[in-house]
Amino acid sequence: MNRRPMNRRPLIALVAAGCALAAFPLAAAGDADGPRRDPEPTWTPGQLRFPPPPDNPRFTTLRKIEARALRAAGGRLAPFADRAALTIVRSTEPRCRNGWLTVGLRNGGGRPVYGDLAAEAGPLQVSRPVFSTYLPAAYEARVQLRITVPPQVEAGGYRLRLRTGGERLTVPVTVAAPGPGQDNLACGRLVTASSDDPSGRFPAASVTDGNLNGEEFGVGNGWNDGTASRWPDTVDVALAAARPIGKVVLHTVDSNRYSAARYGLRDWDVQVRTDGAWTTVARSRANASARVEHTFAPVTADAVRVVALGSNDGRFARIVELEVFGP
Ligand SMILES: [Ca+2]
């Protein structure tokens, strides 16, 4: 894996927020995994060759939708979301008051089209108010959407409204006051890593920025160590004070291009610091998932450390977010 995204040929146009038309980068002619030919796009229904995922993390993979979803869409463009409702914990630290879901639009018609998906959740904020894409017949386009709770917004019930053409979809969003063990104690806290990639595109501080979007790995969200194929690597999070903790959640890289099973962190220990001494409280071995939750007997600690021992490609430690919770 080359950690630096490569130049891609423009294939599809996408209008991001602000409706500016942008070139849609696609497959590389080759990368560290071996040479790969660009697909020849033929947009005739039934003959479309599926393009590999774009490298640019701002864009989403197109994939063929199921016959059932086609029928449900009634032969038209329709918005969709990957969950029926969303709950966001109103964390003590404002920057971690956000939730994620996958949304998109489906083309249930018989012809390729350009489609717009509008997303609005006032007074909550959405990371992408407009998602617009070329969409072949019988395809869907997906994008990760972040819903952020502004500081002045209190706990309560809100709604995410999705709209494409005349079709609408509403997703209830509950903003909940943090209950026991729900406040992420790592959010916004100081991070210290054993090494950093010199490019500056994998800042260790992004491990506690509340951003869980693996698609932004390599463009500012997620830590990548700077010592290829050398282990262990460590990343420490200093808590505000000594606190009882009982759960640590590690998010490794997992995106359309860089799957956890191929590039994610595989083996690690979780340590906590009490009175200056580090103790191992949890271990992960042979992991292939994007998210791993460790629960352990409550312990009072003022810092948490991940000792990275191996990744699925054997090259680098990659962590998108580290969350720490009380018991
Ligand atoms: Ca992050």
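Okay, residues lined up against (1) farther than 23 Å from T102 by Cβ; (2) buried (at least 21 other Cβ atoms within 10 Å of the Cβ); (3) within 22 Å of the chain's Cα centre (by Cα):
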residue: A177; (1), (2), (3): yes, no, no
residue: A193; (1), (2), (3): yes, yes, yes
residue: P198; (1), (2), (3): yes, no, no
residue: V219; (1), (2), (3): no, no, yes
residue: R243; (1), (2), (3): yes, no, no
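Can we say V270 is open to solvent by 10 Å² or more (accessible area, probe 1.4 Å) and more than 16 Å from the ligand (Cβ to nearest atom)? Explain how you work it out, then say what you get.
Values: open to solvent by 10 Å² or more (accessible area, probe 1.4 Å): no; more than 16 Å from the ligand (Cβ to nearest atom): yes.
No, not satisfied.
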Revision key, fill the gap. Sole miss for G220 among (1) more than 16 Å from the ligand (Cβ to nearest atom); (2) without any contact (Cβ under 8 Å) to a residue 24 or more places away in the chain is condition (1)
Check your understanding: Any idea which of A242, A277, A238, A177 is more than 16 Å from the ligand (Cβ to nearest atom), touching a Leu at 6+ places or on another chain (Cβ under 7 Å) and either acidic (D, E) or farther than 28 Å from A288 by Cβ (or both)?
Key -> A238
**Study point:** S127, sole failed condition from (1) more than 16 Å from the ligand (Cβ to nearest atom); (2) open to solvent by 30 Å² or more (accessible area, probe 1.4 Å); (3) touching a Lys or Arg at 6+ places or on another chain (Cβ under 6 Å)
**Key:** (1)
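From the set of residues in the stretch 278-306 that are open to solvent by less than 20 Å² (accessible area, probe 1.4 Å) and part of a strand (DSSP E or B), which is nearest to S195 (Cα to Cα)?
So in the stretch 278-306, the residues open to solvent by less than 20 Å² (accessible area, probe 1.4 Å) come out as 282, 284, 287, 294, 301, 303-304, 306.
When the remaining residues are screened for being part of a strand (DSSP E or B), the result is 282, 284, 294, 301, 303-304, 306.
Working: A282: 23, S284: 21, H294: 24, A301: 24, A303: 18, V304: 17, V306: 13 Å.
Out of the qualifying residues, it is V306.
The values are calculated or read from the model by the stated rules, or taken from the named source; none is laboratory data. Note that the coordinates shown come from a computational prediction; the quantities given were computed from them, not determined experimentally. FYI the Cβ positions are ideal-geometry reconstructions off the backbone, even for glycines, and counts take in every protein chain you see. Surface accessibility is based on the protein's heavy atoms, side chains included, excluding ligands, DNA and RNA. Shrake-Rupley method; radii C 1.70, N 1.55, O 1.52, S 1.80 Å.
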